[in-house]
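So the structure is just underneath, and the comments pick up after that.
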Amino acid sequence: MVLPGRLVPTGKLAPSILSSDFSRLAEEVAVIESAGAHWIHIDVMDGHFVPNLTFGAPVVRCLRPCTKLPFDVHLMISEPARYLDDFIAAGADWVTFHIEAEPDPEPLLDKLHAAGCKGGLALRPGTPVEAVLPFISACDIVLVMTVEPGFGGQSFQAEPLKKIAAIQSAATAAGKVVEIEVDGGIDLETLPLAAEAGANVFVAGSAVYGAPDVPRRVAEFRALLARVGEEAR
Ligand code: DX5
Ligand code: ZN
C-alpha cells in the first residue's frame, strides 16, 4: 500500500553476494553490475547475533575498487557500534544494523551521517514494527526481514510485510523519504507482493546467483521492477 502524498523512491534491485561464489567475488560483483543491478547487498554475520559467519570489513575494502555500485551493508552482528568505523572506512554507502542488537541506535545513525553514509535499522520477522518507529526520523532506510536472518535460500514469509504501512506512515509524519528494503526469499514471484506492500529496495540472493543465467535473471528482475513501478503510479 502506497500512501497518498508519499514520495516513492524508485525500485531497486540489491543482489546479495551471500549466494555468490566467494572465490570469485570481484567477478561475481562485475557480472551483476554490467547486468543492471542497482546496489550490492553485503551480508555481514558474526556467528553470535546469527548462527552463521560470513566476512567483515576487510572484504568490503577489497571489493570497493571492483565496482561503482553502492554498497548496501547489512550488519547481522552483536555490538554494531564496535565495528561501524571499520565499515565506514571500508567504503560502505548504506549501512543497516539490527534494532535487536542495539537498543540505542541514534548515536550510530548520527555517526553514519557524519561520515557521509546513509543509515538505517533492520528488524527480524518476529520483531514488532514499534521497535523502529521512534527512530524513523534518523533513518534513511528500514530493512524488513522476510526470513529469519542468517542464511540465504529460505522461504519468503509474507507476514512481516504488514509492518511496511506503519513505517510509511511514520516516515510521512516525520517528513522523511525512507527507503523500505525487503530481504529474504525475494524472487520473481514474491517481489510483486513486497512492492504492493510498499517496499522499494529488493534484496535477492539465491534468486540471482542461483539462476542458470545470472545476467538474464537480473534483466528479468529489472523488467519486473519497471512493471510494478508503473502499477504503483
Ligand atoms: C539473510 C540475508 C539475506 C540473504 C537473502 O540473513 O540477510 O540478505 O542473502 O538470501 P535469499 O534471497 O536467498 O533469501
Ligand atoms: Zn541481508
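The values are calculated or read from the model by the stated rules, or taken from the named source; none is laboratory data. The model shown is predicted, which means the values in this text are computed figures rather than measured ones. Every residue, glycine among them, receives a Cβ derived from its backbone with ideal geometry; neighbour counts consider all protein chains shown. Ligands, DNA and RNA are excluded from the accessible area calculation, which covers all protein heavy atoms including side chains. Shrake-Rupley method; radii C 1.70, N 1.55, O 1.52, S 1.80 Å.
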Exercise. Determine if the range 158-174 includes at least one residue that is out of contact with any Leu (no Cβ under 8 Å at 6 or more places or on another chain), within 20 Å of residue 52 (Cα to Cα) and within 16 Å of ligand 1 (Cβ to nearest atom).
Key: no
Quiz item: What pairs can you find where one residue is in the range 35-61 and over 20 Å from residue 85 (Cα atoms), the other is open to solvent by 30 Å² or more (accessible area, probe 1.4 Å) and assigned to a helix (DSSP H, G or I), and their Cβ atoms are less than 6 Å apart, with a gap of 6+ or different chains?
Solution: 35/215; 36/222
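Tell me, which strands (runs of 3 or more DSSP E) wholly within the range 49-124 include 3 or more residues that are among the small types (Gly, Ala, Ser)?
Strands (runs of 3 or more DSSP E) meeting the threshold: 118-123.
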Quiz item: Going by the structure shown, is residue 197 farther than 15 Å from residue 37 by Cβ, touching a helix residue (DSSP H, G or I) at 6+ places or on another chain (Cβ under 6 Å) and touching a residue at least 40 places away in the same chain (Cβ under 8 Å)?
Solution: yes
Practice problem: Please work out if residue 203 is within 16 Å of ligand 2 (Cβ to nearest atom), modelled with pLDDT of 95 or more and assigned to a helix (DSSP H, G or I). | Solution: no
Quiz prompt | the range 120-149 - residue that is of a type in the set (D, E, K, R) and closer than 14 Å to residue 96 by Cβ and, of those, least open to solvent (accessible area, probe 1.4 Å) | solution = 140
Quiz prompt | Pick from the range 33-48, criterion in contact with a Pro (Cβ under 9 Å, 6 or more places away or on another chain) and assigned to a loop (DSSP other than H, G, I, E, B), ranking: most open to solvent (accessible area, probe 1.4 Å) | solution = 38
Quiz item: Yes or no: residue 114 closer than 20 Å to residue 79 by Cα, more than 16 Å from ligand 2 (Cβ to nearest atom), modelled with pLDDT of 95 or more and out of contact with any strand residue (DSSP E or B) (no Cβ under 9 Å at 6 or more places or on another chain)?
Solution: yes
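Just name the residue that is surrounded by the fewest Cβ atoms within 10 Å (Cβ to Cβ) out of those in the range 150-189 that are more than 12 Å from the chain's Cα centre (by Cα) and within 13 Å of ligand 2 (Cβ to nearest atom). Outline the logic, then answer.
Filtering the range 150-189 for residues more than 12 Å from the chain's Cα centre (by Cα) gives 150-178, 185, 187-189.
Among the residues that remain, those that are also within 13 Å of ligand 2 (Cβ to nearest atom) are: 150-154, 185.
On the way: 150: 19, 151: 17, 152: 21, 153: 13, 154: 15, 185: 23.
My answer is 153.
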